[in-house]
Every structure is written in structure tokens, then in C-alpha cells.
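Enquirer: One structure coming up, written as C-alpha cells, with questions to follow.
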Amino acid sequence: MSQVTSPQVLGSQLEPQRATLPSSASPGRSRLSRSLKWFGSALMLENVVLCMLYAGVLQFTLPYQVELLNPEDKVNNLGLVTAIGAVLSLVSGPIIGALSDQTRCSLGRRSPWLFFAALATPLCLAALAFAHTLSTIALGVALIQILLTGLGTIVAVVIPERVPVAHRGGLSSWLGLAGPIGTYLGTAIAVYFLRSPLRGCLTFSAITVITTLALAVLCREAPPPLSETDGFPRFAPLAFFSSFAMIDFRWVFISRFLILAAFCLVSGYQLYLLQDYVARSPGKTPLELSATLNIWLSISMTLAGMVAGTASDRLRRRNVLVFWSAIAISIATVLPLLLATTGGMFAYSIASGLGLGCYFAVDTALVADVLPDNKNGARDMGILNTAAAAPQILTPVLGVIIVNHLRGYTALLLTASLLAILSAVAIRAVRSIR
């Protein structure tokens, strides 16, 4: 008989009620560890694919399509379609999560939605690949944003449901590698198939379908008890946000929103900072420098993320690590003020990358630890993910106000630094996690 625990048994052993692993001498630990490795590998691949789609389709192919449609008005048109997609991502995450929580079938709650996402992916990608008007492009972006947001919510919630507390930090640091890997692969595929939308659509679709189906198989749960299938829960608008009654949930939401607002405020204006604020070294254009800064940011994020998650498991101090990561980001943001040169921007990219890598590696595990209950895990994870999506919509508006009506880019950097400090203060208010 195989020593590898079946996915269904894995689901029962890794219950969300903070299950703990058996001792290292126990045979059960060996079987569970192997299953956890398979499960973690599937999660890793799925996160890589999500990052591939964001980078390759939404960040690279979409601007190219919009520019071909109307080069003179490309900025406004791109802003319009991305704003529509961003608003839909805010709404769709919690709703799809809540529907997933209420799903009752023999495959459990999460697998049916993963199967559905695998089937819907080719259709959503084709809607954008063959769009030739602004309205059809907006429709394609809307469908892809709903797909990615819903898929991301389901993928995120299986961590607290299936992974024991003692292993969450290590898995989070491993998943942190998905960002740079997925961004590189997605951009490479998009560039290669830029003039062949059909082949690009088929390539992205095939990769997404395979990895999503693999995760759906490994994510199968034992059928819910009969007592949980008697009737379908009714939707109550006020109860939808009941998780905010838990004070630690509120503080984690606020902290995540503030730290991402701080990052987006600077990264969104990075090109303009290079053009209008810092003294540049000769030889490279602002666009080339911006690309180089992003590479160093990704490298430092990866290095920090690989260490931070595992360290949080061993030290059992997620709260403290997230606090100091936010402080590091705050300090990094003022470096261009102290050294308004290309070197200062490189120092900012490396320092903020280290802080962000540590923050996100530990934050994923910390978020899993503060989810109020198992019954509404996907809904609550979707709500927490809005704290990551909302800054992408709000910070461009805030940036315009600050740059145009306050003290320009100096005020922009100081505001970002203040937001990071407030994020650190908010995370220290969390009491249930050290």
C-alpha cells in the first residue's frame, strides 16, 4: 500500500481547526509530510500561473492591444479598462469566496470552483485575445479580473484549511517565489506570442488548465456531514462583514491596506520620479532605469521571502517580523529624499524589496492565523484581499492630489513613509498572534 496519503485523507487530517502534526517519530508524520509536499507544490505552481496571467496578459498584452486600437488616446483608454477591472476585482473576491463557503457537494467546497475556473479560463482569455473594440477589450478584462480574483481567493483560503500552523510560514516563503518566477515567465510568453493572439491564448490556457485541475484533484475534501447540507444558507448583507467584529481581523486588514498603499504610491510614480525628481546618471533612459530597479526589487523580495517565512515558523513571532518589515519599508521610502540620485532610487528598491519580501512571506501566514472561522474562510479571505486591490485604485488619485497640490514628490515620499509606519502600528495591535 502506498505511503502517500490520498488528497481526500489529507483534507481530513489538515482540518482548519489548527491541526498539529504528529511527532517526528510517528509514521503519520512521514505520510503527512509527503502529502503536504505534493499539496505545497501544486499551490506553488498555481500561484506561479496566477502571476503569469497578471504579468503577461494584464500588464503586458493589454497595454499593447489598447495602443494598437488608438495610439493617441492610449493612456485614457488603458486607465478606463483597468479601472473597470479593478473595481470588479474588489467586488468579486468576497462574493465568490462566500459562494464557495456555501457550496455543498461530494468534492467539497473548493474543488468545484477550481474545476469551473479551469473550464472558464480559455473562454476568458479568448474574449480578450480577439477583442477589437474598446468595449470588447473592457469585457475581456472584466472576465479575466473576475476569474483571477476568484481563483486567487480559493487558492489563498486552502492554506489555513489544509496546512498546519507550524508549517504555514515555510510554505508562505516558498509561495513568495511565485511572484518573480511567474512575472518573468508570463512576460516571456507574452513577448513571444505578441503578434499571434491565438497561440498566446492557447499557451496561457493550457498551462492554467493543467495546474488548476491538478490543484483541484489534490484539494478534494471529504463530503460535509449531513447536518451541514440541510438547506442552503441565506445571504444576509450585514452578516457578510461579520468578520470585522473580530478586532484582530480588522487590524490585519488595516495594516495590509496601508502597507500596499505605501508601496503603490511610490511604485506608481517611479518612472516620473526618475524623470523629474532625482539626478540621473548618464547612459540610461528613465524607462530603462525603471526596469532595472524592478529587477533589483524582485531579487531582494525573493531573498527576503525565502528566509522570513521559515524564520517565523521557528521563532513563532509573525507579528514582530511583520512590524519590523513595515518599519524597513518606511525607512526605505525616505532614502530618495536623503539621496535624490539614481543611487538613492537603487537603495530604495533594494531596501523596500527586503521589507516587502519579509512582509508578504509572513503576512500570508499571519492572515491565515487570524481568519475568524472555517465556515466563511473564503469569504473572509476575499475581504482581506480587497485590502490589496483597493490601493491600486485609490493611490493614483491620492498621488495626483499630493503631487499637484502639496509639495510635489517630496510630499509623496513622506506620505508613503507615514503610511508604512501606520501599518506597523496597526499590526502591533494584533493580540492573538505574537
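Enquirer: Scan T149, T103 and give me the residue that is among the hydroxyl-bearing types (S, T, Y) and either closer than 28 Å to K74 by Cβ or in contact with a strand residue (DSSP E or B) (Cβ under 6 Å, 6 or more places away or on another chain) (or both). Quick ask: steps written out before the conclusion?
Expert: On the way: T103 fails: either closer than 28 Å to K74 by Cβ or in contact with a strand residue (DSSP E or B) (Cβ under 6 Å, 6 or more places away or on another chain) (or both).
Of the residues listed, the single one that is among the hydroxyl-bearing types (S, T, Y) and either closer than 28 Å to K74 by Cβ or in contact with a strand residue (DSSP E or B) (Cβ under 6 Å, 6 or more places away or on another chain) (or both) is T149.
Enquirer: Then there is this: May I ask you to say which residue of T136, T149, T121 is over 18 Å from the mean Cα position of the chain (by Cα), part of a helix (DSSP H, G or I) and touching a residue at least 60 places away in the same chain (Cβ under 8 Å)?
Expert: When all the criteria are applied, what remains is T121.
Enquirer: Pick from A142, A127: which is without any contact (Cβ under 8 Å) to a residue 24 or more places away in the chain and either in contact with a Ser or Thr (Cβ under 6 Å, 6 or more places away or on another chain) or closer than 30 Å to R195 by Cβ (or both)? Walk me through how you get there before you give the answer.
Expert: Working: A142 fails: without any contact (Cβ under 8 Å) to a residue 24 or more places away in the chain.
Of the residues listed, the single one that is without any contact (Cβ under 8 Å) to a residue 24 or more places away in the chain and either in contact with a Ser or Thr (Cβ under 6 Å, 6 or more places away or on another chain) or closer than 30 Å to R195 by Cβ (or both) is A127.
Enquirer: Among the residues that make up the stretch 239-249, is at least one of them of a type in the set (V, I, T), touching a Gly at 6+ places or on another chain (Cβ under 8 Å), at pLDDT 75 or above and part of a helix (DSSP H, G or I)?
Expert: Scanning the stretch 239-249 turns up no residue that is of a type in the set (V, I, T), touching a Gly at 6+ places or on another chain (Cβ under 8 Å), at pLDDT 75 or above and part of a helix (DSSP H, G or I).
Enquirer: Given the condition more than 21 Å from L297 (Cα to Cα) and modelled with pLDDT of 80 or more, answer yes or no: does some residue in the stretch 412-423 qualify?
Expert: Applying the first criterion (more than 21 Å from L297 (Cα to Cα)) to the stretch 412-423 yields 422.
Pick out the ones that are also modelled with pLDDT of 80 or more and you get 422.
Yes - at least one qualifying residue is present in the stretch 412-423.
Enquirer: Continuing with this model, one more query. Only one residue in V87, V158 is closer than 19 Å to V48 by Cα, assigned to a helix (DSSP H, G or I) and of a type outside the set (S, T, Y), so which one is that?
Expert: On the way: V87 fails: closer than 19 Å to V48 by Cα.
After applying the criteria, what remains is V158.
Enquirer: Taking G11 as the residue in question, decide whether it is part of a helix (DSSP H, G or I), modelled with pLDDT of 80 or more and surrounded by 14 or more Cβ atoms within 10 Å (Cβ to Cβ).
Expert: Criteria not met by G11.
Enquirer: Could you list, in sequence order, all residues of the stretch 35-70 that are over 21 Å from the mean Cα position of the chain (by Cα) and among the β-branched types (V, I, T)?
Expert: Matches in the stretch 35-70: V66 only.
Enquirer: Which count do you get for residues in the stretch 391-415 that are at positive phi and under 28 Å from the mean Cα position of the chain (by Cα)?
Expert: Total meeting the criteria: 0.
Enquirer: Give the stretch 403-417 a look and list any residue that's touching a residue at least 12 places away in the same chain (Cβ under 8 Å) and surrounded by 14 or more Cβ atoms within 10 Å (Cβ to Cβ), or say none.
Expert: Of everything in the stretch 403-417, those that are touching a residue at least 12 places away in the same chain (Cβ under 8 Å) and surrounded by 14 or more Cβ atoms within 10 Å (Cβ to Cβ) turn out to be V403, Y409, T410, L412, L413, L414, T415, A416, S417.
Enquirer: Out of A178, A156, A138, A129, report the one residue that is touching a Pro at 6+ places or on another chain (Cβ under 8 Å), crowded, with 17+ Cβ neighbours inside 10 Å and not polar (S, T, N, Q).
Expert: Testing whether each residue is touching a Pro at 6+ places or on another chain (Cβ under 8 Å), crowded, with 17+ Cβ neighbours inside 10 Å and not polar (S, T, N, Q) leaves just A129.
The values are calculated or read from the model by the stated rules, or taken from the named source; none is laboratory data. On a predicted model such as this, the values are computed, not experimentally measured, just so you know. Neighbour counts are summed over all protein chains in view; Cβ atoms, including those assigned to glycine, are modelled from backbone coordinates with ideal geometry.
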